[in-house]
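Take a look at the structure below.
Just so it is clear, none of the values below were taken in a lab; they were calculated from the coordinates. Please read these numbers as outputs of a predicted model, since none were measured by experiment. Virtual Cβ from ideal backbone geometry, glycine too; neighbours counted across all protein chains shown.
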Amino acid sequence: MGLLIELIDKNGDKVLKEERSVNITKGRSNHKIKLKEITSPFIWSVNEPNLYTAKISLLVDKKIIDEKYEQFGYRWYEFKEHGAFYLNGKKLLLRGTHRHEEHAGLANALSNEQHRMDLRMIKEMGANFVRLAHYPQDPEVYKTCDELGLLVWDELPWCRGGVGNEEWKLNTKRLFEELINQNYNHPSIILWSVGNEVYWLPEREGGGDIDTLRAFTNELNEIAHNLDPYRLTAIRKFYEGADIVDVFSPSIWAGWYSGVYSNYEKAIIDAQKKYPRLFHAEYGGSSHIGRHTETPVTGEGFINPNEWAEAVNQVKVKNIARLGDWSESYIVDLFDWHLRYSEISQTFSGNAQWAFKDFGTPLRPENAIPYVNQKGLVDREGKPKDAYYVFKSYWNNNDKFTYIESHTWDERSGKQGKEREISVFSNCPEVELIFNGNSLGRKVKDISKFPASGLSWSAKFVEGENTIKSVGCEGEEVVANDSIKILYHYSQNEKPEGFSLSSKRLPNGNYLITAIAVDKNGRRCIDYNERVYFSSEGKGKLIENYGVPTKSSIIEMANGRAQIEFKSVPFEKSTIEIRNQNFKGDYLIINGLQ
């Protein structure tokens, strides 16, 4: 019995072919075979993810009875002490995010193409790193990361709960061994994470004991290094075990759970001094699509007073996650500030935003969309929020674009003569802004400037419709553009007293029901963000429980608007109703069409 081993490079050329004899007893063999060295191999990197294919054929009497194909790549890396990350000898800023394995309407039952779609969007954003949190994911995920050039933090599913009994320990170690053995050949993986927040909420008595936690963390660390001496280990937010693993991530949520986003630089610099090899996993905050404000919480943590009020002081916010407005306006500023520092620092290894896509959670019924963690750059169906374009403006250097903040902010108000800031996120060297047909000038992108890398203009809106166009330029060549329209009012809406309901037929045959909170004059209340409830009677049904803004029957409004899809039955009448706790609801009758 023998093995035929062939190595095929990225061009389809065979660079090695060897045949070896093996003895297999009781259905298995633990042979380790050393092959000839390949001189001057193609190197795998984030920009050129060159892969080799190993074809292993099992031979009996010179006939092939089984075959296996395995892809791999050549690369090396290191985290410099108190410094940057290097891949193949060159400094590389790790630009990352996190991925949960789920999608609206599917939970975690994703097809290969849906896995690939998530990772393509992450790569198109310009990321080169993804943390698979907090568990091993589908084999297609690792395969795609290899092919796209996405570096991976792969994690044991030990997330909170402390240390369990002996049976728990054996099972956890088994899971870790299987994770490493199954994924060993993927060049994209650079970190084996032993866990996340492991001390938190211990499930058994004594499970949160620090000595016990350290001892078990050390066992897992040794397993990783014994099975794979060529990769590094990591853990997040177990400070007492930071010295055990190779790379540590502290918990820094500047501007969300504590502190303000302008403190991010100091927090990272302090952490770099304390931990020899640092990578910052998890930062960001929640945002509700379509919710915007003229006065987002500032970088110093102040809520500015309502500009219509007289002589009101700023209010300091200590926990923005609880007391902030969850607006896209604020989260754009937070990410813009974080990325500005990350891209300028010469010694920072990098970070990973939490998380790429909104995801379901058994907790958080009080969220704007109940039971959905809304920290994503895209919603649960993959629709980008404003924040996605902030990252793309810093990270993607290939596909030229401009994005005016914001396409979901289509109605605003303010006193006549009040100047408003208009930001454009773009990867173009220069951008010109055209406001109501008049050029406000061309500006040069400069990532040291905030906001929007200096691509920000002041303008006075006219009452009624305003048109804004951005033009991205490389020299005198126009390479990208974007445009939006905004309805502007010189007076403030009054308090909401009812709803206005309308419907629109969608290409899929469903109806999009739009509810607008209106005052006594029928004007949209763009400052109204309270929870509303949709229901229906008749043979049709609401498309609900998807955890996205147009498929949730319980949802907070976004600047006085909420929407939901409705599937009708041909020739049957249905009634759609909206209610809330503050004033009278309303209804709409749908006559199903063929």
Next on the checklist: Please list 3J(HN,Hα) in residue order for region 170-182, calculated via the Karplus relation 6.51 cos²θ - 1.76 cosθ + 1.60 where θ = phi - 60°; whole Hz, with x for glycine and proline.
Outcome noted: 4, 5, 5, 5, 4, 4, 5, 4, 5, 4, 6, 5, 5
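Tell me, what is the percent relative contact order of region 2-72, built from C-alpha pairs under 8 Å that lie six or more residues apart? Please list the in-between numbers first.
Working: 107 pairs, mean separation 24.6, N = 71.
With pairs under 8 Å counted, the relative contact order is 35 percent.
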Checklist entry - Restricting attention to the alpha-carbon atoms of region 402-489, what are Rg (one decimal) and Dmax (integer), both in Å? => result 12.7, 38
Next on the checklist: Highest mean first, how do 547-559, 232-244 rank when packing is the count of other Cβ atoms within 10 Å averaged over residues?
Outcome noted: 547-559, 232-244
Checklist entry - Angle, helix 264-274 long axis vs. longest principal axis of the chain, Cα atoms, 0 to 90°, nearest 10? => result 20 degrees
Checklist entry - Could you state the number of Å between the C-alpha centres of region 547-574 and region 431-454? => result 37 Å
Checklist outcome for this item: Given 37 °C, 0.692 mPa s and a Kirkwood radius over Cα pairs, the Stokes-Einstein diffusion coefficient of the chain in µm²/s is 123 µm²/s
Checklist entry - Ranked from highest to lowest mean number of other Cβ atoms within 10 Å per residue, what is the order of the peptides 365-372, 118-125? => result 118-125, 365-372
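Counting only DSSP beta bridges with both residues in the chain, tell me the antiparallel percent, nearest 5. Present the calculation step by step, with values, prior to reporting the outcome.
Details: 98 of 131 bridges.
Among the beta bridges of the chain, antiparallel pairing accounts for roughly 75 percent.
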Checklist entry - Which pairs, out of 273/392; 418/445; 237/273; 273/445; 375/551; 80/273, put more than 20 Å between their alpha-carbon atoms? => result 273/392; 418/445; 273/445
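Contact order normalised by length for region 210-356, with contacts defined as Cα pairs under 8 Å and 6 or more residues apart; what percent is it? Don't skip to the end; give the middle numbers.
Details: 214 pairs, mean separation 32.6, N = 147.
The normalised contact order for region 210-356 reaches 22 percent.
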Item to check | Estimated dipole of region 498-591 in Debye, rounded to 20 [Cβ of Lys and Arg +1, of Asp and Glu -1, Cα centre] | outcome: 220 debye
Checklist entry - Roughly how many Å is it from the Cα centre of region 239-290 to that of region 62-87, as a whole number? => result 29 Å
Checklist entry - Got a sec? Charge dipole of region 2-72, +1 on Cβ for Lys and Arg, -1 for Asp and Glu; which of 69, 11, 42 is way out at the positive end? => result 69
Checklist entry - Got a sec? Charge dipole of region 498-591, +1 on Cβ for Lys and Arg, -1 for Asp and Glu; which of 554, 566, 535 is way out at the positive end? => result 566
Checklist entry - Taking H as built 1.01 Å from N, whose amide H comes closer than 5 Å to the amide H of residue 251, not counting residues under 5 places away? => result 237
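Would you mind working out the magnitude of the charge dipole of region 120-223 relative to its Cα centre, with +1 at each Lys and Arg C-beta and -1 at each Asp and Glu C-beta, to the nearest 20 Debye? Intermediate results must be reported in sequence, preceding the final value.
Values: 10 positive and 18 negative charges, 52 e Å.
My answer is approximately 260 debye.
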Checklist outcome for this item: The simple spin-label model distance between residue 167 and residue 48, using points 7 Å out along Cα→Cβ, in nm, is 5.4 nm
Next on the checklist: Angle check, please: helix 328-344 long axis (alpha carbons) against the longest principal axis of the chain (alpha carbons), in degrees 0 to 90, nearest 10.
Outcome noted: 40 degrees
Item to check | Distance in nm between pseudo-label sites at residue 227 and residue 438 (7 Å out along the Cβ direction from Cα) | outcome: 6.6 nm
Item to check | Subset of 36/91; 383/495; 383/504 violating a 23 Å alpha-carbon distance limit | outcome: 36/91; 383/495
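Assigning unit charges at the beta carbon (Lys, Arg +1; Asp, Glu -1) and nothing else, what dipole magnitude in debye, to the nearest 20, does region 449-502 show about its Cα centre?
On the way: 5 positive and 8 negative charges, 41 e Å.
Dipole size: approximately 200 debye.
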Checklist outcome for this item: Sequence order, region 567-576: Karplus ³J(HN,Hα) from phi using 6.51 cos²θ - 1.76 cosθ + 1.60, θ = phi - 60°, Hz rounded, Gly and Pro as x, gives 9, 8, 10, x, 6, 10, 8, 9, 10, 9
Checklist entry - With axes computed from alpha carbons, what is the tilt in degrees of helix 139-148 against the longest principal axis of the chain, rounded to the nearest 10 within 0 to 90? => result 80 degrees
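Between residue 219 and residue 459, 0.36 nm times their residue separation minus their Cα-Cα distance comes to what? Mind showing how you got there, number by number?
Values: separation 240, 0.36 × 240 = 86.40 nm, distance 6.06 nm.
Result: 80.3 nm gained on full extension.
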Checklist outcome for this item: With -39,500 (n - 2.57) per DSSP H segment of 4 or more residues and division by the full residue count of the chain, the 222 nm estimate, nearest 500 deg cm²/dmol, is -5500 deg cm²/dmol
Next on the checklist: At a 10 angstrom cut-off on C-beta neighbours, averaged per residue, how do the peptides 127-140, 399-412, 568-581 rank from highest to lowest?
Outcome noted: 127-140, 399-412, 568-581
Item to check | Between region 116-151 and region 361-383, the Cα center-to-center distance that results, in Å | outcome: 21 Å
Item to check | Note, ³J(HN,Hα) from phi for region 495-509, Karplus 6.51, -1.76, 1.60, rounded to Hz, x at Gly and Pro | outcome: 5, x, 10, x, 10, 10, 10, 9, 9, 9, 6, 9, x, 7, x
Next on the checklist: Taking 0.36 nm per residue of sequence separation and subtracting the Cα-Cα distance, how much length would be gained by fully extending the chain between residue 581 and residue 80, in nm to one decimal?
Outcome noted: 174.7 nm
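In square nanometres, what is the average projected area of the Cα convex hull of region 498-591? Don't jump to the answer; show the numbers that get you there.
Working: hull surface 23.1 nm².
So the mean shadow area of the Cα hull is 5.8 nm².
If each residue of separation counts as 0.36 nm, what is the full-extension length gain between residue 398 and residue 6 once their alpha-carbon separation is subtracted?
Working: separation 392, 0.36 × 392 = 141.12 nm, distance 3.59 nm.
Fully extending the segment from residue 398 to residue 6 adds 137.5 nm.
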